[in-house]
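Have a look at the structure below, then the notes.
The values are calculated or read from the model by the stated rules, or taken from the named source; none is laboratory data. These figures come from a predicted structure and were not determined experimentally. Here Cβ is always computed from backbone atoms with ideal geometry, including for glycine, and neighbour counts include all displayed protein chains. Each accessible area value is taken on the protein alone, full model and side chains, heavy atoms only, with ligands, DNA and RNA left out. Shrake-Rupley method; radii C 1.70, N 1.55, O 1.52, S 1.80 Å.
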Amino acid sequence: MSRKDELLNLLKDELKGNFLAASSLEENRLFIDIKKEALVETANQLMRAGARYQMGVGYEARKNGRGLAMVHTFAFDADSLLVAIRALTTEDEPEFDSLTPFIPGAGWSEREYIDLLGLHFKNHPHPKRLVLSDDWPEGIYPLRQEVPYDLMPPAAEEVAFRLDEAPPGSSIIPFGPFHACLHEPAHFAVYVDGEEIKGCEYRGFMVHRGIEKLAATELTYNEIPFVAERICGICGSVHSVNYAQAVEAASGLKIPRRAEFIRTIMLEIERLHSHLMWLGVAGHLIGFDTVFMQAWRIREKIMWLAESLTGNRKTYGMVIIGGVRRDIDLTKAELIKKTLAEVEKDVQALEKAIIKDKSIHRRTKGVGYLSREKAKEWNLVGPVARARGLDIDARRDHPYAAYDEVKFEVVVADSGDVWGTLVVRIKEIYEAIRIIHQCLEKLASRLQGSPLAIEIEDPIPAGQQGLSVVEAPRGEAVHYVLTGDDNRPERWRVRAPTYPNLQAVPDMLLNNKLADFPIIVGSIDPCISCTDRVAVIDRRSASGRILSRQELEKLSREMRSKT
Amino acid sequence: MWLWNKIKQLAIPSRTGVVTLRYPYKPRPAPAGFRGQPVWDHTKCIGCAGCASNCPARTIFLRDICQEIRILLYDSSRCTYCGRCADLCPEKAITMSENFELATDHRQDITETMELFMMTCQRCGRCFDLEIKNALDKLQMLGYRYDSLEARKVIRQSTPELEPELLEKTATYRRPEKLEKSPCGKD
Ligand code: SF4
Ligand code: SF4
């Protein structure tokens with residue numbers, strides 16, 4: 001019996017009447033509908049069976065009964081299985097049980113929908129106002145259907161985000177929203193005791209663009225890839241491929257093998273670009289500008305390569321639902337091979353010159369340490385997780401595109417610090433080059449001349465769920481699509497790798513020196529834009545109870561009545 | 001060891017030399033297949049609206065000012081140069097040019113307008129025959145928008161201070177209906 005059937009039987013037995021339905025369009029996906037009373041129990045069962053929590057998706061259901069729905073997705077990495085559980089509630093009673101008390105990584109996902117959908121989560125440890133801007137009026141939930149996508153309530157004055165009190169004995173040093181060590185707007189209030197960091201509070205949501213709402217109200221299926229790739233300035237193909245895969249899975253489309261190989265090549269070129277860029281940034285953040293200059297010089301070659309392949313310096317504009325738009329023919333393959341040979345040589349030279357440099361060791365070894373257990377608890381993904389001994393990689397664990405046919409090594413380090421991340425990312429550059437060579441060989445030998453995309457003849461059926469993962473350079477990105485009418489998805493949810501990784505930053509910062517703040521935050525390669533398609537705030541990691549908004553309001557009212 | 005590393009680091013730039021291009025003094029031609037600014041060939045366009053209804057950035061606008069004249073306006077300021085319009089045009093009236101030096105103070109410099117004279121079909125009185133499966137059908141007219149060219153500021157701008165005019169304008173924006181019962185259980 002496969003793992004999927006095992007799980008299904010287990011849940012059916014345990015949940016009895018609370019189990020509603022299960023569907024599985026694809027071999028490696030399982031979508032389960034349950035009654036909302038059983039949400040916590042089901043999640044518990046799945047976690048006990050060895051799942052890794054991925055994300056929560058909230059939406060307002062229009063089909064199969066009206067109401068508000070909450071989906072939680074889980075990954076079984078050893079069995080290449082993704083499971084999504086969905087529960088529905090009525091609009092009169094928008095409450096679910098919170099998973100956060102036993103899955104801390106679910107905290108942000110749930111807080112997102114408190115703000116965007118007006119949901120309530122019972123027992124959520126920290127339901128502070130989170131996602132929306134500080135002056136957003138109460139009672140307007142942007143993801144609700146009746147709210148137009150372009151609503152712009154007038155700004156209110158004299159509202160500011162209420163930062164928590166610093167723990168006793170420490171003072172606050174603000175970083176951001178605009179700061180030389182942050183490349184995108186985000187605010188970190190760092191608690192320090194002397195030079196030592198004692199925790200931090202994070203306030204994001206400064207580059208929220210409402211892309212998911214736009215997709216659900218304005219855009220059509222084949223327009224979304226071009227918006228999806230612009231979620232991120234670096235992981236363009238990651239998001240467009242991921243979205244396309246989710247739609248293809250939901251509608252049962254089978255795309256040509258050739259297109260899958262081309263997608264794989266684009267994803268790996270993107271990885272080369274991202275790793276080299278990060279290497280440069282990391283060098284810059286520790287004040288080692290030789291690395292910065294040289295890594296970015298090498299990266300420029302990749303950008304020119306992308307320009308020849310896609311028509312622009314970024315890896316944008318290649319993907320549509322059903323395949324790809326541009327071919328990689330033999331002349332282009334030659335160009336790729338030539339560029340890769342140069343890049344490999346250059347990276348080797350650079351690696352040799354810096355890898356034994358003591359100044360790098362001193363700035364990265366033991367910095368931003370997080371144990372394997374903590375990393376697991378926070379559901380870390382990507383090089384940040386692999387540097388902490390977690391052997392996960394969506395390319396191997398949940399093969400998509402053409403990854404089932406290529407051989408590569410998943411690089412894992414166990415130092416648990418920034419140094420580990422650096423080593424993992426440099427080694428992955430060579431693996432990416434290996435993967436591209438294998439793809440080019442297969443393209444040339446047996447896939448010449450086959451079509452690039454299939455034509456979509458029938459309309460995409462409504463009400464189907466699709467779940468897709470792509471291992472972005474920074475870690476696993478997850479897309480969830482629920483198909484809808486009007487030639488557009490009813491719900492499309494994006495979870496970028498920075499989303500789980502950023503949640504662990506306060507833990508990574510703990511007891512480090514303030515001077516290491518830039519490189520620790522930089523080590524997860526935070527992509528604020530990806531994360532902030534909806535906003536996020538983190539609770540501080542230093543101990544101490546945090547008042548919820550309601551509690552705070554109540555307290556301040558009491559104080560006022562006393563005076 | 002440390003010194004040896006520093007020597008190696010010094011060797012890299014001396015080997016590679018200067019890599020910075022002399023741009024803009026020496027122009028850098030775009031490679032083949034470059035996606036620059038799209039240009040329209042008015043002799044080929046049949047005014048089918050395929051480009052307008054499939055532009056992800058919604059930056060091609062169409063308006064029929066009378067039965068015979070259709071205006072197509074392309075506003076480059078929001079174009080993402082994805083090339084989707086050029087892909088989908090059944091008449092290949094759009095080419096992605098090599099022009100990427102588009103920075104300007106005047107939006108008009110990068111805006112293109114076409115006035116298309118539309119023939120009326122003698123049989124049905126409309127511009128196109130929609131009953132027969134043809135290239136136009138494949139474009140799927142879904143999402144076709146009858147846009148107002150004057151009010152093409154679809155993306156609303158926010159300003160640091162709220163000016164009175166803007167405030168007045170925002171008052172006319174569509175608002176969500178007041179929920180009868182607050183879904184939070186709060187009032
Ligand atoms: S290139 Fe893309 S964004 Fe620009 S007009 Fe054409 S379809 Fe629209
Ligand atoms: S798709 Fe081509 S033919 Fe149709 S309106 Fe646009 S430019 Fe003209």
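Values for this structure:
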quantity	calculated
Residue that is farthest from the chain's Cα centre (by Cα), among those in the stretch B:59-97 that are more than 14 Å from ligand 1 (Cβ to nearest atom) and among the acidic types (Asp, Glu)	B:Glu68
Residue check for B:Ala11: closer than 30 Å to B:Ala86 by Cα, among the small types (Gly, Ala, Ser) and more than 16 Å from ligand 2 (Cβ to nearest atom)	no
Qualifying positions in the stretch A:37-58 - outside any loop (DSSP other than H, G, I, E, B), in contact (Cβ under 8 Å) with a residue 40 or more places away in the chain and in contact with a Leu (Cβ under 7 Å, 6 or more places away or on another chain)	A:Ala38, A:Val40, A:Thr42, A:Ala43, A:Gly58
Selection within the stretch A:438-492 - touching a strand residue (DSSP E or B) at 6+ places or on another chain (Cβ under 8 Å) and among the hydroxyl-bearing types (Ser, Thr, Tyr)	A:Ser468, A:Tyr480, A:Thr483
Top-ranked residue of the stretch B:31-54 - restricted to ones that are away from ligand 1 (no atom under 15 Å from the Cβ) and closer than 30 Å to A:Lys332 by Cα, ranked as most open to solvent (accessible area, probe 1.4 Å)	B:Ala32
Residue match in the stretch A:84-92 (condition: under 22 Å from the mean Cα position of the chain (by Cα) and open to solvent by less than 30 Å² (accessible area, probe 1.4 Å))	yes
Single condition A:Met55 does not satisfy, out of (1) within 21 Å of the chain's Cα centre (by Cα); (2) more than 28 Å from A:Val410 (Cβ to Cβ)	(2)
Residue among A:Ala394, A:Ala333, A:Ala375 that alone is of a type in the set (A, V, I, L, M) and farther than 15 Å from A:Thr264 by Cα	A:Ala375
Where a residue in the stretch B:85-96 is closer than 13 Å to B:Ile60 by Cα and its partner, wherever it lies, is among the basic types (Lys, Arg) and surrounded by 17 or more Cβ atoms within 10 Å (Cβ to Cβ), with Cβ under 9 Å and at least six apart	B:Ala86/B:Arg35
Members of the stretch A:104-114 that are crowded, with 21+ Cβ neighbours inside 10 Å and in contact (Cβ under 8 Å) with a residue 24 or more places away in the chain	A:Gly105, A:Ala106, A:Gly107, A:Trp108, A:Ser109, A:Glu110, A:Arg111, A:Glu112, A:Tyr113
Residue selected from the stretch A:58-83 under the condition of a type in the set (S, T, N, Q) and over 18 Å from the mean Cα position of the chain (by Cα), by the criterion most open to solvent (accessible area, probe 1.4 Å)	A:Asn64
The lone exception for A:Met277 - which of (1) out of contact with any Lys or Arg (no Cβ under 8 Å at 6 or more places or on another chain); (2) free of Cβ contacts under 8 Å to residues at least 60 places away in the same chain it fails	(1)
Output for the stretch B:61-100, where each listed residue is more than 12 Å from chain A (Cβ to nearest Cβ), open to solvent by 30 Å² or more (accessible area, probe 1.4 Å) and aliphatic (A, V, I, L, M)	B:Ile65, B:Ile69
Enumerated helices (runs of 4 or more DSSP H) restricted to the stretch A:446-563, each holding at least 3 residues that are basic (Lys, Arg) and modelled with pLDDT of 75 or more	none
Which listed residue, of A:Ile336, A:Ile269, A:Ile298, A:Ile328, is among the aliphatic types (A, V, I, L, M), open to solvent by less than 10 Å² (accessible area, probe 1.4 Å) and within 15 Å of A:Ile234 (Cα to Cα)	A:Ile269
Test: A:Leu447 is in contact (Cβ under 8 Å) with a residue 12 or more places away in the chain, within 14 Å of another protein chain (Cβ to nearest Cβ) and surrounded by fewer than 20 Cβ atoms within 10 Å (Cβ to Cβ)	no
Residues satisfying the stated conditions in the stretch B:29-60, i.e. within 11 Å of another protein chain (Cβ to nearest Cβ), away from ligand 2 (no atom under 13 Å from the Cβ) and farther than 14 Å from B:Thr80 by Cα	B:Ala30, B:Pro31, B:Ala32, B:Gly33
Single condition A:His120 does not satisfy, out of (1) at pLDDT 90 or above; (2) open to solvent by less than 10 Å² (accessible area, probe 1.4 Å); (3) closer than 25 Å to A:Ile140 by Cβ	(2)
Residue match in the stretch A:174-184 (condition: open to solvent by 30 Å² or more (accessible area, probe 1.4 Å), touching a residue at least 40 places away in the same chain (Cβ under 8 Å) and either within 14 Å of chain B (Cβ to nearest Cβ) or farther than 30 Å from A:Ile234 by Cα (or both))	no
Matching residues in the stretch A:297-313 - criterion: being outside any loop (DSSP other than H, G, I, E, B) and facing chain B (nearest Cβ under 7 Å)	A:Arg297, A:Glu307, A:Ser308
Odd one out for A:Tyr243 among (1) open to solvent by less than 10 Å² (accessible area, probe 1.4 Å); (2) assigned to a loop (DSSP other than H, G, I, E, B)	(2)
Breaking point among (1) out of contact with any strand residue (DSSP E or B) (no Cβ under 6 Å at 6 or more places or on another chain); (2) away from ligand 2 (no atom under 15 Å from the Cβ); (3) over 26 Å from A:Met318 (Cβ atoms); (4) of a type outside the set (Gly, Ala, Ser), for B:Asn99	(3)
Criterion (more than 21 Å from A:Pro518 (Cβ to Cβ) and out of contact with any strand residue (DSSP E or B) (no Cβ under 8 Å at 6 or more places or on another chain)) met by exactly one of A:Leu370, A:Leu350	A:Leu350
Flag if A:Gly252 is more than 10 Å from chain B (Cβ to nearest Cβ), open to solvent by less than 10 Å² (accessible area, probe 1.4 Å) and more than 30 Å from B:Asn5 (Cβ to Cβ)	no
Single condition A:Leu390 does not satisfy, out of (1) open to solvent by 60 Å² or more (accessible area, probe 1.4 Å); (2) without any contact (Cβ under 8 Å) to a residue 24 or more places away in the chain; (3) out of contact with any Asp or Glu (no Cβ under 9 Å at 6 or more places or on another chain)	(1)
Checklist (1) of a type in the set (S, T, N, Q); (2) open to solvent by less than 70 Å² (accessible area, probe 1.4 Å); (3) away from ligand 2 (no atom under 12 Å from the Cβ) applied to B:Thr20, failing item	(2)
